[in-house]
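Notes follow the structure.
The values are calculated or read from the model by the stated rules, or taken from the named source; none is laboratory data. Just so it is clear, the structure is predicted and the values come from calculations on it, not from any experiment. Here the Cβ positions follow ideal geometry from the backbone for every residue, glycine too, while neighbour counts run over all protein chains shown.
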Amino acid sequence: MAQRILSGVQSSGRLHLGNYYGAIREFVRMQDEGEALYFIANLHALNSVRDPVLARQLTFETACAFLALGIDPVKSTLFRQSDIPEVGELYWILGTVLPMSDLENAHSYKDKLAHGASPDFGLFAYPVLMAADILLYDSDVVPVGKDQRQHLELTRDWAGKFNRQYAPKYDSHTGQGGVFKLPAGRTRDETASVPGRDGQKMSKTYGNTIDLFGTDNEVKKQINSIKTDSTPPESPKPTEGQALYDLLKVVLPEAEFADVHNRWVEGGGGQTTHGYGFFKTRLLEGYHATFDPARKRYAELVADPAEVERQLKAGALKARAYAAPVIDRVRKAVGL
Ligand code: ADP
Ligand code: TRP
């Protein structure tokens, strides 16, 4: 049987290079490897977006972004999380079997606390909804960024726990006979963490992004504001922990990056051939060469909301058909 691939991205802000190289590029590649389901996690997004007009707008923009970047609704099932009522039901049922201490120790919750966010229940329960997303469709493979690996581990733990509780024939060694299938994670190490303009992980939370669909001017400003040190153009530059160097590596095609790398480590030239300004220009050119086709397509989709809505509705129908047998098994297993 074809393997089932599932992943989602929250519609909580504008998408950036980290989202593309850490997640969406992989989603596009994997469309040809099995039955892919991709969704816009707009229920998760409610944890941070409290303005209904903005919430709706970001859901729409995220859908446009998926489509523009190459998610093909013929090959994949593309849908909105909130169009699948079964996910809320499964979320509740899972919550009845999992230990609260798992949630207290989840890094998404601990990190946000550490950043001074006031802890809502939604943030605390976030991994449970994510587990419901994953388990509802009998997913085999879940491509996620490094920061999401722990959530996947939790999902596997809870699915196993549920199976041991409710499936008498479950064999935890082979994984056979369970109510839930235990999914595998998948991350690509070389792009597992894309740095932001300030050198921390690129994240909308840190305000250090380079956006995929900002205006030309915004993107140029963002690239120009990447933090560099004061090494003069003629000196060799350090490569370790340099956001600009790492971003060039991620964005430029290999052969072009080889040229940039040589200039970077050798130094020797002047401002216009070996200075940080020159490297920023190379990054901006690389960005446009890579993303301009998607940016054009994005603008077309944004201008045609009815078509995007049609795609999402069709995707939701397909997704609910995948979910139906699973939620049926769960209801039977627990006695509903
Ligand atoms: P943000 O950190 O901006 O809020 P999200 O948490 O919504 O981004 O991430 C959406 C997806 O993009 C996730 O799969 C996540 O792992 C991936 N991702 C986000 N930022 C990065 C990054 N800097 N490097 C690699 N992957 C990332
Ligand atoms: N939590 C993920 C993120 O922040 C989004 C997400 C929600 C997700 N449910 C999921 C990812 C299920 C993979 C599978 O990016």
Tell me, yes or no, whether region 183-194 has at least one residue that is of a type in the set (Gly, Ala, Ser), in the same structural domain as residue 315 (by TED's automatic domain parsing) and under 24 Å from residue 316 (Cα atoms). yes
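So which helices (runs of 4 or more DSSP H) stay within region 36-100 end to end and still have 2 or more residues that are surrounded by fewer than 17 Cβ atoms within 10 Å (Cβ to Cβ)? So that I can check it myself, show each step before the final result.
Numbers: elements: 42-45, 52-69, 86-95.
It comes to 52-69, 86-95.
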Result of the Cβ filter at 6 Å on region 151-167, keeping first residues that are over 17 Å from residue 326 (Cα atoms) and partners that are among the β-branched types (Val, Ile, Thr) and buried (at least 19 other Cβ atoms within 10 Å of the Cβ), at least 6 apart or interchain, is 152/142
Is it true that residue 68 is within 9 Å of ligand 1 (Cβ to nearest atom), at negative phi and not acidic (Asp, Glu)? no
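Can you find a residue in region 227-249 that is β-branched (Val, Ile, Thr), within 22 Å of the chain's Cα centre (by Cα) and surrounded by 14 or more Cβ atoms within 10 Å (Cβ to Cβ)? Explain how you work it out, then say what you get.
From region 227-249, those β-branched (Val, Ile, Thr) are 228, 231, 239; that's our starting set.
When the remaining residues are screened for being within 22 Å of the chain's Cα centre (by Cα), the result is none.
Within region 227-249, none of the residues are β-branched (Val, Ile, Thr), within 22 Å of the chain's Cα centre (by Cα) and surrounded by 14 or more Cβ atoms within 10 Å (Cβ to Cβ).
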Against the condition farther than 20 Å from residue 286 by Cα and touching a His at 6+ places or on another chain (Cβ under 6 Å), how does residue 233 come out, does it pass? yes
